[in-house]
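I have placed the structure first, in the form of structure tokens, so that the comments after it can refer back to it.
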Amino acid sequence: MSSEKTNQSWGGRFSEPVDAFVARFTASVDFDKRLYKHDIMGSLAHAKMLTQVGVLSEPELKAIEDGLTAIQQEIEAGEFDWRVDLEDVHMNIEARLTERIGITGKKLHTGRSRNDQVATDIRLWLRDEIDQILAEITRLQEGLLGLAEAEADTVMPGFTHLQTAQPVTFGHHLMAWFEMLSRDYERLVDCRKRTNSMPLGSAALAGTTYPIDRALTCELLGFEAISGNSLDGVSDRDFAIEFCAAASIAMMHMSRFSEELVMWASAQFRFIDLPDRFCTGSSIMPQKKNPDVPELIRGKTGRVFGALVGLLTLMKGQPLAYNKDNQEDKEPLFDAADTLRDSLRAFADMVPAIKPRREFMREAALRGFSTATDLADYLVGKGLPFRDCHEIVGLAVRYGVDQEKDLAEMSLEELRQFSEHITEDVFAVLTLEGSVNARDHIGGTAPAQVRKAVARGRELIAARYSNR
């Protein structure tokens, strides 16, 4: 028998070696080798369980533990020889273990299949990735809280349809981002619960005849649950799809943040100044300061959306149980996790260094009749029906457009031509500060409410740390 065929774990059934191109085409080791740590973790737990139920002896367990520990050190030192002919991370590690400790290495695979092995590895890996991503969300939110508190009184225009709508505070706007990220955090925590279910013990598809103790393995690996059906255990990738869905929503939020930062940093808005270390210049225009990091994150959102659609498409036509198609689950999942984590890291580093340009924000808020609704509310307070007030203010705005005057710039006489109910006290509600301070309720833009929202946010973050 050729040496090429004996390299395969399943070569006994075949009468000729796999074609060299097919071997390369079907191999996954180039990308799934990043699962090495979790593969070794799963193997160590499996070996301890096999020893507990009497399949392995204590000396055999010791040899396996020592061998796997040495292999992990080889990999992390860059000394491991990854072989494409061994297809994947699992067989590379098992073959190296057998080289190191002999026939005992071959006993490690008793009672399991690569099907439940890879399903376990990828869940262990994603569980750790989610934890890292949650930490980055928290770090970003902490940065937002600090900036929002500092800018609780900074007035800027709020927009609908990208048109000036009503005055808000910059701190209030930043706390909207905080709320979006809080939902992202909750979705990922929920996703982690379903990710943290153990398929190991499902074997190829039907379970195993060996007297395994799945509860023990579950405990050793820190899983919260055991998969209840072996067919589903080896073929389920819902958790990966769910993660990519949560990651897509989070990246959509990041893209919206990025779009606002790009606009705000432009010469047309001049609301903020981004730190130089997150920007680049132009090769031809020396005055340029390009917001590359927000732009790139905005662009990378498409990669994560693509991962979600790719995984949905991958799974939609598969009969039970495991199919080779599922080898294609890893690259989009890996890329989605990497992209989300790195995007959050970039934002968490950048946000605390954003410098607001308060004078330009205020100037913009003074344009576009942003206190028009306040004037309508003022007239309602004088006893007029809201629809009549809406029309009165509309006429006043038209006059302001013609005269190039904001409502707050008009004299009392000018305002009274639209309603005799307008008196001297109107100017208290036409100022920017009067407008934002009037929204003094939970969720409102009043500076006092922004500070309360920041306090609630800090309590939320503190609860996360205490629950770890």
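Taking the condition among the aromatic types (Phe, Trp, Tyr) and in contact (Cβ under 8 Å) with a residue 24 or more places away in the chain, does residue 170 pass?
Working: among the aromatic types (Phe, Trp, Tyr): yes; in contact (Cβ under 8 Å) with a residue 24 or more places away in the chain: yes.
Taking the combined requirement at face value, the residue satisfies it.
Tell me, please, whether a residue that is among the β-branched types (Val, Ile, Thr), at pLDDT 95 or above and closer than 21 Å to residue 187 by Cα can be found in segment 108-125.
Here is the first cut: in segment 108-125, the residues among the β-branched types (Val, Ile, Thr) are 110, 118, 120, 122.
Those still in the list that are at pLDDT 95 or above too: 110, 118, 120, 122.
Next cut, closer than 21 Å to residue 187 by Cα only: 122.
Yes: segment 108-125 contains one or more residues that are among the β-branched types (Val, Ile, Thr), at pLDDT 95 or above and closer than 21 Å to residue 187 by Cα.
Please indicate, with yes or no, whether at least one residue in segment 252-259 is more than 19 Å from residue 118 (Cα to Cα), at pLDDT below 95 and open to solvent by 50 Å² or more (accessible area, probe 1.4 Å).
Keep residues of segment 252-259 that are more than 19 Å from residue 118 (Cα to Cα), which gives 252-259.
Cutting the leftovers down to at pLDDT below 95 gives us none.
Checked against the condition, which is being more than 19 Å from residue 118 (Cα to Cα), at pLDDT below 95 and open to solvent by 50 Å² or more (accessible area, probe 1.4 Å), segment 252-259 yields no hits at all.
Among what's in segment 147-165 and is in a strand (DSSP E or B) and touching a residue at least 60 places away in the same chain (Cβ under 8 Å), pick the residue that is most open to solvent (accessible area, probe 1.4 Å).
Across segment 147-165, the extreme among qualifying residues is 163.
Against the condition farther than 23 Å from residue 249 by Cβ, touching a residue at least 60 places away in the same chain (Cβ under 8 Å) and assigned to a helix (DSSP H, G or I), how does residue 217 come out, does it pass?
Numbers: farther than 23 Å from residue 249 by Cβ: yes; touching a residue at least 60 places away in the same chain (Cβ under 8 Å): yes; assigned to a helix (DSSP H, G or I): yes.
For residue 217, the condition - farther than 23 Å from residue 249 by Cβ, touching a residue at least 60 places away in the same chain (Cβ under 8 Å) and assigned to a helix (DSSP H, G or I) - is met.
Within segment 69-81, does at least one residue satisfy the condition of being in contact with a Leu (Cβ under 7 Å, 6 or more places away or on another chain), farther than 22 Å from residue 326 by Cα and without any contact (Cβ under 8 Å) to a residue 40 or more places away in the chain?
As a first pass, look at segment 69-81 and keep what is in contact with a Leu (Cβ under 7 Å, 6 or more places away or on another chain): 71.
If we keep only those that are farther than 22 Å from residue 326 by Cα as well, we get 71.
Subsequent filtering for residues that are without any contact (Cβ under 8 Å) to a residue 40 or more places away in the chain retains 71.
Looking for residues that are in contact with a Leu (Cβ under 7 Å, 6 or more places away or on another chain), farther than 22 Å from residue 326 by Cα and without any contact (Cβ under 8 Å) to a residue 40 or more places away in the chain, one finds at least one in segment 69-81, hence yes.
Residue by residue through segment 82-96, note down the ones that are part of a loop (DSSP other than H, G, I, E, B), crowded, with 20+ Cβ neighbours inside 10 Å and at pLDDT 95 or above.
88
May I ask you to verify whether residue 201 is free of Cβ contacts under 8 Å to residues at least 60 places away in the same chain, on the phi > 0 side of the Ramachandran plot and not hydrophobic (A, V, I, L, M, F, W, C)? Steps first, answer last, please.
Values: free of Cβ contacts under 8 Å to residues at least 60 places away in the same chain: no; on the phi > 0 side of the Ramachandran plot: yes; not hydrophobic (A, V, I, L, M, F, W, C): yes.
No; evaluated as a whole, the condition is false for this residue.
Answer yes or no: is there a residue in segment 365-376 that is out of contact with any helix residue (DSSP H, G or I) (no Cβ under 6 Å at 6 or more places or on another chain), under 28 Å from residue 152 (Cα atoms), open to solvent by 10 Å² or more (accessible area, probe 1.4 Å) and not in a helix (DSSP H, G or I). Show your work before the answer.
Just the residues of segment 365-376 that are out of contact with any helix residue (DSSP H, G or I) (no Cβ under 6 Å at 6 or more places or on another chain), to begin with: 366-368, 370, 373.
If we keep only those that are under 28 Å from residue 152 (Cα atoms) too, we end up with 366-368, 370, 373.
Retained after the next criterion (residues that are open to solvent by 10 Å² or more (accessible area, probe 1.4 Å)): 366-368, 373.
Going one step further and asking which of them are not in a helix (DSSP H, G or I), we end up with 367-368.
There is at least one residue in segment 365-376 that is out of contact with any helix residue (DSSP H, G or I) (no Cβ under 6 Å at 6 or more places or on another chain), under 28 Å from residue 152 (Cα atoms), open to solvent by 10 Å² or more (accessible area, probe 1.4 Å) and not in a helix (DSSP H, G or I).
Going through 99, 79, 74 one at a time, which residue ends up being modelled with pLDDT of 95 or more, over 24 Å from residue 337 (Cα atoms), of a type in the set (D, E, K, R) and open to solvent by less than 50 Å² (accessible area, probe 1.4 Å)? Even if it seems obvious, please write down each step before you answer.
Values: 99 fails: open to solvent by less than 50 Å² (accessible area, probe 1.4 Å); 79 fails: open to solvent by less than 50 Å² (accessible area, probe 1.4 Å).
The match here is 74.
Any residue in segment 439-451 that is farther than 18 Å from residue 146 by Cβ and among the acidic types (Asp, Glu) sitting within a Cβ distance under 9 Å of a residue that is open to solvent by less than 10 Å² (accessible area, probe 1.4 Å) and not in a helix (DSSP H, G or I)? List the pairs, counting only those 6 or more apart or interchain.
Partner pairs satisfying both residue conditions: 440/446.
Filter segment 296-327 down to residues that are of a type outside the set (A, V, I, L, M, F, W, C) and within 22 Å of residue 251 (Cα to Cα), then give me how many there are.
Residues meeting the conditions: 9.
What number of residues within segment 279-325 satisfy the criterion of being out of contact with any Ser or Thr (no Cβ under 7 Å at 6 or more places or on another chain), surrounded by 20 or more Cβ atoms within 10 Å (Cβ to Cβ) and either modelled with pLDDT under 95 or more than 18 Å from residue 244 (Cβ to Cβ) (or both)?
Number of matching residues: 2.
Go over the candidates 210, 185 one by one and state the one that is among the aromatic types (Phe, Trp, Tyr), at pLDDT 95 or above, more than 27 Å from residue 354 (Cβ to Cβ) and open to solvent by 20 Å² or more (accessible area, probe 1.4 Å).
Working: 185 fails: more than 27 Å from residue 354 (Cβ to Cβ).
After applying the criteria, what remains is 210.
The values are calculated or read from the model by the stated rules, or taken from the named source; none is laboratory data. Remember, it's a predicted structure, so these values are computed and weren't measured experimentally. Glycine gets a Cβ as well: all are built from the backbone with ideal geometry, and neighbour counts include every protein chain shown. In case anyone asks, the SASA skips ligands and DNA or RNA and just uses the protein heavy atoms, side chains included. Shrake-Rupley method; radii C 1.70, N 1.55, O 1.52, S 1.80 Å.
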